[in-house]
Amino acid sequence: MSAATAARRRGEGPETGPARGPSRGSAAHRAVSYVVLVGFALLALGPVVTVVAEALSPERAADGAGLRPQNFADAWVQGRFGDYMATSALVAVVVVVAATLLSIMSGYAFGTMEFRGREVLFYLFLLGIMVPTEVVVVPLFFDLRTLGLTDTVWGIALPQVAQSVAFGTYWMRAYFRTTNRSLIEAARLDGAGPHRVLWSVLVPIGRPAITTLVLLVFMWTWNEFLIPLVMAPAGQLRTAPLGLALFQGQYTQGTSLLAAGAVLVALPVVVVYLVLQRHFIRGMLEGAVRE
Amino acid sequence: MRGRAPRGRATPYLFLAPALAVYGAFLLYPLLRAVQFSFYDFDGLTVGTPVGLANYAAVLTDAGLRAAFGHALVLVVFFSLLPLLVGLVLAALLVRARVRGLPLFRTVVFLPQVIAMVVVAVAWRRIYAPDGTLNDLLRAVGLDALTRTWLGDYATALPAVGLIGTWVSTGLVTVLLMAGMARVPKELYEAASLDGASPARQLRALTLPAIRPEIAVALTLTIISALKTFDLVYVTTGGGPGTSTTVPSYEVYRRAFELGEVGAAAAVGVVLTVLVFAVNLVVNRVADRQR
């Protein structure tokens, strides 16, 4: 790092700053930038490449050399990652659908309507964005066990709906506040009630904001570990990250299978990220008040 | 909304009701219950006995809990301060460099943010393993004497876990800071250069004040993720060797669900929550005041 800064200074010369024109001798600065760019990217990718390589390599010498995509099939069936992924998908669908719908409705109320207690209620939701899972998971377990909700999809999903609704309300309120008032007035003059205004006017034009919310909630839910760990003590209902953690705890052998499982668990979010990264980065930077 | 028909008095509350119900039942209520639990000696099975502030006193006096909070502080250095320093230098270098491939770079360095922490932990366990990538690299350059079981060694386990956090956070912080720096008008740097300001001075006098909001967001996000580290410790070390890598979140889980000390666990959770709120408040206060 210090070497890079030093080199940059040398390249720039003492009398010039980093913001010099493109023409003269910024070649050194550019060269150093490329080295840092590539070096840093390789550091970021290194561990990812390690796992993918391991997932494709044969477990034993007897399996022969070369790539072994068979590991993924083995992880899917023998490692039961197929089951874990199915559970994760089910939980994710419940949380994403419920949290998005509820957040759209509450964000609509906060963002476009005036009513008594609006400020207080909104701060109540903001509070939830910061509350760490650790503190709520303990009483949730004992209370939901009393209600018979542990070891059910609901027990895993509902606490996550609540967390996501806190953020989603904040996020959708911000969107609804930016919508054009005259649009709402025009729709209302045409005789549209508040429901029509929301679902037929505001939601269709709010698709970018909603897409970002859906992606973030999907990612948080898919990657969540503590809630499924605590809420499904019987071990019948395992989400993908939980299955992976327990697989690692159970087998000291089978590193290729473990690595293949790890790739499978990461894959859905990574694929969605690569396709829609703009939404992810924007959402995670703008929505930074969460956590 | 002004001029709303009287029939709509209840409308905002109806839109809010579903979100508020789920949020209240699965987040606010458990939060209050956690506070209640924290004043009891409760093993999760029998009726608890009230113990006043004893569980909170234990956070200060219990060696194990004090150590856990101490480890969290060490992790803050690795999750937050180190990425901030690295990110500042990287962003300062890259934001004015006329290099191609910045969007691809952003995609790559942001990737660790979207991968499930459990998967990250599995990958890094392989890197730190006795026959893992790190030791292979050390042997390849003749530093055999340095090889060790990184996660099993009292001296290296906590920094090793911390560096995983550095790896996860640095990309996010860099992308954030680059977004902030891109906002600073180039002319300011040109003027500063003409006045003979060194790059270091430009960073201190121009860049840092301009990107204070981004620094605040970066610090808030990363400090809180350090304080809430759970999956990473659960999968990489299980708090070991000994108790050299336990953290508050891990203590909440262990005490509530393995040791049957539910009241103590709740107290740790409440303290953690207060810390998270305090970090949010302090970082943003400082950022606001100095703007």
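The values are calculated or read from the model by the stated rules, or taken from the named source; none is laboratory data. Not measured: the values here are computed from a predicted model. Methodologically, a virtual Cβ is constructed for each residue, glycine included, from the backbone with ideal geometry; neighbour enumeration extends over all protein chains shown.
Observations, loosely collected:
- Only one of the listed residues (A:G148, A:G111, A:G155, A:G128) is at positive phi and assigned by TED's automatic domain parsing to the domain that holds A:T169. That residue is A:G148.
- Counting only helices (runs of 4 or more DSSP H) wholly contained in segment B:166-228, the ones carrying 3 or more residues that are facing another protein chain (nearest Cβ under 10 Å), modelled with pLDDT of 90 or more and within 15 Å of the chain's Cα centre (by Cα) occupy B:212-227.
- B:L60 meets all of the listed conditions (1) buried (at least 20 other Cβ atoms within 10 Å of the Cβ); (2) without any contact (Cβ under 8 Å) to a residue 40 or more places away in the chain but one, namely (1).
- Condition check for B:D131: of a type outside the set (K, R), closer than 21 Å to A:V263 by Cα and at pLDDT below 90: yes
- The one condition in (1) on the phi > 0 side of the Ramachandran plot; (2) without any contact (Cβ under 8 Å) to a residue 60 or more places away in the chain that A:L274 fails to fulfil: (1)
- Among the conditions (1) in contact (Cβ under 8 Å) with a residue 12 or more places away in the chain; (2) hydrophobic (A, V, I, L, M, F, W, C); (3) buried (at least 18 other Cβ atoms within 10 Å of the Cβ), A:L37 misses just one, which is (1).
- Inclusion of A:F110 among residues that are in contact (Cβ under 8 Å) with a residue 24 or more places away in the chain, surrounded by 15 or more Cβ atoms within 10 Å (Cβ to Cβ), facing chain B (nearest Cβ under 7 Å) and within 19 Å of A:V217 (Cβ to Cβ) is not warranted.
- Single unsatisfied condition, A:M172 versus (1) part of a loop (DSSP other than H, G, I, E, B); (2) more than 17 Å from A:V93 (Cβ to Cβ): (1)
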